[in-house]
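The values are calculated or read from the model by the stated rules, or taken from the named source; none is laboratory data. Predicted model, so just to flag it, every value in this text is computed and none were measured. Backbone-built Cβ (ideal geometry, glycine too); neighbour counts: all protein chains shown. These area figures cover heavy atoms from the full protein model, side chains too; ligands, DNA and RNA do not enter into them. Shrake-Rupley method; radii C 1.70, N 1.55, O 1.52, S 1.80 Å.
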Amino acid sequence: MKFFMPDFDKSLETIRFKPTAVPETKSTSVKNKKVKKKNKNSKKLKEDESSTNEATKKVAKSSKPLQGRIEKPKNKKSNKSQQLKLSKDTAEKAVNESLKKTNSEQDSSSISAFAAKLKEQLKGGRFRFINEQLYTMSSRNAAKIFEEDPEAFHAYHEGYRHQIAKWPLNPLKRIIKMINRLPKSLEIGDFGCGEGQLAQAVPHKVYSLDLVSCRNDIIACDMAQTPLKTHSLDVAVYCLSLMGTNLNECFMEANRVLKVNGFLYIAEIQSRFDDVTQFVRQLNAYGFELIKQDVGQNIFYFFQFKKTRNIGLVAKVPQITLKPCLYKKR
């Protein structure tokens, strides 16, 4: 099919129409957003470059020379962790030093404890040796030993004090109570007084006698030959002091220095007696009559005798012996 195009008259006026506004499509909107974002990023990049230039200028003005990089401020968290690490190291060091000190103190304490124990054992051994000598020799020989070595007497009584501390009863305290019931005008003789505690505990006149004098008021002598006057005492005390092998001489001396009707007080260890009745009967031969006895104690026996007559130094009397009190080695 053919179309016919008419000829336009060139004299006709040509009309030009204005272009109409085309509405924005979705693709145009997206394109505009991308342009805006690009402009925004470009602006931010320029701001960053500007701030970097300013920071570079500040660094250049500072006196500290640049070392190729800008030092950032230290992180507070890393500082804190470093402090914790230092604190931990310091604490560990303090603990180690404390442990060393404690170990050193423990070692020193152990050595001191061992030395003290050894010293006590040596003292105990010397006490047992001296004690055995006193029970197995005469009072005269014992006096000679202490005369040659006065320190041995002090060593013996130091060990004796340790033994007393282990006893449930101190027999001297009971003797003191008995003496305190007597009239104050009576004169007392303390044979084998040791450290003279009886004289310090009663108001009576007391003559303290022992092999060695450790005080000015103590008379050093043999218990079988004392410097006391004949018939001068009202009471004679033997508190754990019947130790020699010549007990018969000691009781004859007691008869000599005591007045008639005077008292003889004896306190001794229970294990030393084989037969208490025989002991009482033998003392009757020395002029002493039993008034009272207490043999119900587990460790000590107590006797109270009264002098009924004088026997003289040449009287025929039975030999009195008691078993020695020997301490076992621990």
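Table for the structure above
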quantity	calculated
Residue-wise HN-Hα coupling along the range 183-200, computed from phi with Karplus coefficients 6.51, -1.76, 1.60 (Hz; x: Gly, Pro)	x, 5, 6, 6, 9, 10, x, 9, 8, x, 6, x, 9, x, 6, 4, 4, 7
Cα gyration tensor, the range 184-241 - rounded (a/c under 1.5), prolate or oblate	oblate
Which of S213, Y301, T226, positive extreme of dipole for the range 170-307 (C-beta unit charges)	Y301
In nm, spacing of pseudo-spin labels at V276 and E147 (7 Å Cα→C-beta vector)	3.9
The range 170-307 - charge dipole about Cα centre, Lys and Arg +1 at Cβ, Asp and Glu -1, debye rounded to 20	540
Relative packing of peptides 256-266, 188-198, 303-313 - highest average C-beta neighbours within 10 Å first	188-198, 256-266, 303-313
Length-normalised contact order for the range 115-270 - Cα pairs under 8 Å, 6+ apart - percent	23
Lysine pairs with alpha-carbon atoms under 23 Å apart, the range 197-330, spacing 8 or more or separate chains	17
Computed label-point distance, nm, for sites R309 and A285 using a 7 Å Cα→Cβ extension	1.4
Label-point separation, E195 to K323 (7 Å along Cα→Cβ), nm	3.0
Nearest-10 value in Å² for the accessible area of H154, using the 1.4 Å probe	80
The range 170-307: C-alpha gyration tensor shape, a/c 1.5 cut-off, then a/b vs b/c	rounded
